[in-house]
Amino acid sequence: MEHIYFACIWALAGFVNGISGMGAALMAVPFMTLFMDIQLIVPLSCLLVTVLSSTLAIKYHAEFHIKIILPALLCAVPGAFLGTQVLKIFSSHVLESIMAVVLIGYVIWNFIQKYEPKEERNNAVLGGLSGFFSGFFGSTISFTGPPLAMYILYTGWKQQKALGALGAALIIITGTSCLSHYFAGLYTKEFLRYLSVGVPAGGLGMLLSFPFLKYITQKTFRKILLLVIGFAGMMSLLRVVNYYF
C-alpha cells in the first residue's frame, strides 16, 4: 500500500511540475513524511525532481537557449556553498522564517498589482541573484525552485520557454545534490524500489499535464507560478510554527 500511495503522490507532483515547471517536491514531501523516513525522502525527492526537470528541458529545448540561464547556474554554486556554511551558524527555522515572509509578501504584492503583459526581458544580474538564492535556500531548506520562478515572472518569458528554462536550471542545481547523496551512500535497495515506482508515476502525471498546457494563457501561467510560490511560503511558515509551538 505504501508503494501505491507513493505512486499517487508523485503522479500528482508530476502533473503540478508539468504545468508550472516546479513544485513537485513541495507537493510530494508533506505527504511522504506521513509514512517515510526523512533519510529516504530527501534523496528520492531530489532525484525524482531531476528526472521530471530533465523531461521538461528535453521537451522544450528548442524554446530557449542555455545562455539565458547561465548566470543563474554559475551563481547557484557559491550560493549553495554559502548556504551550507550559514546553516552551521543559524537554525534552518530562522532561514525558513525569512523565506516565508519574502515569498508570501511577494505573492500578495503581485496579486494586488494590475498585470500588464510586457515584452520579454533578460537581466544577467537578477538572473545571477535568483540562481544564488536558489542554491542558498536549496542547500539550507530544500527550496530550490521559488527564487528561479520569481525571476521568470520578472522576465515575462512565454510558458514553453519558462518551463524549459526552469527544467534545465533545476537539472544542474538538484543534480549536484543527487551526486552528493549517491556518494553519501543514500541510494539503498529500499531507495531503488521506491524510485522504480516514482519515475513512471511522476512521468505519467507530467504526460497528463501536457494536453492542458494549450488551454493555459500567459496570464493564467503567471497565476499558477504565484500560487506555487505562495504554497512554498505557507509550507515554510507552517514548519516554523510547528517547530516553535
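Here are some notes:
- Using only the C-alpha atoms, the convex hull of the range 46-85 corresponds to 62 Å³ per residue.
- At full extension, residue 213 and residue 124 could sit 29.2 nm farther apart than now, given 0.36 nm per residue minus the alpha carbon distance.
- Counting all C-alpha pairs of the range 196-239, share separated by more than 17 Å (%): 55 percent
- Solvent-accessible area, 1.4 Å probe, carbon plus sulfur percent, for the range 109-207: 64 percent
- Electrostatic bookkeeping for residue 23 treats Lys and Arg as +1 and Asp and Glu as -1; over the other residues with beta carbon under 15 Å from its beta carbon, the sum is +2.
- Protection proxy ranking for 20-32, 47-59, 96-108, using the average of other Cβ atoms within 10 Å per residue and placing the highest first: 20-32, 47-59, 96-108.
- Label point distance in nm, residue 70-residue 114, each placed 7 Å from Cα along Cα→Cβ: 3.9 nm
- Protection proxy ranking of 81-91, 195-205 - average other beta-carbon atoms within 10 Å, highest first: 195-205, 81-91
- As a rough guide to protection, the peptides 63-72, 211-220 ranked by mean Cβ packing within 10 Å, highest first, stand as 63-72, 211-220.
- Of 59/189; 88/223; 189/223; 59/223, pairs whose Cα-Cα distance is over 29 Å: 59/189; 88/223; 189/223
- For the range 9-116, the extents of the C-alpha atoms along the principal axes are 41, 34, 32 Å, listed from largest to smallest.
- Accessible area in square angstrom per residue, the chain, 1.4 angstrom probe: 51 Å²
- Between residue 84 and residue 37, the modelled labels are 2.3 nm apart [label points 7 Å from Cα along Cα→Cβ].
- Binned Cα-Cα distance frequencies in the range 135-241 - 5 Å width, integer %: 2, 9, 15, 19, 21, 18, 11, 4, 1
- Taking the Cα centre of the chain as reference, the dipole from Cβ charges on Lys and Arg (+1) and Asp and Glu (-1) amounts to some 500 debye.
The values are calculated or read from the model by the stated rules, or taken from the named source; none is laboratory data. In this text the structure is predicted, and so the values were computed from the model without any measurement. No Cβ is skipped: glycine too gets one built from the backbone with ideal geometry, and neighbour counts run over all protein chains shown. Calculation scope for accessible area: heavy atoms of the full protein, side chains included, ligands and nucleic acids excluded. Shrake-Rupley method; radii C 1.70, N 1.55, O 1.52, S 1.80 Å.
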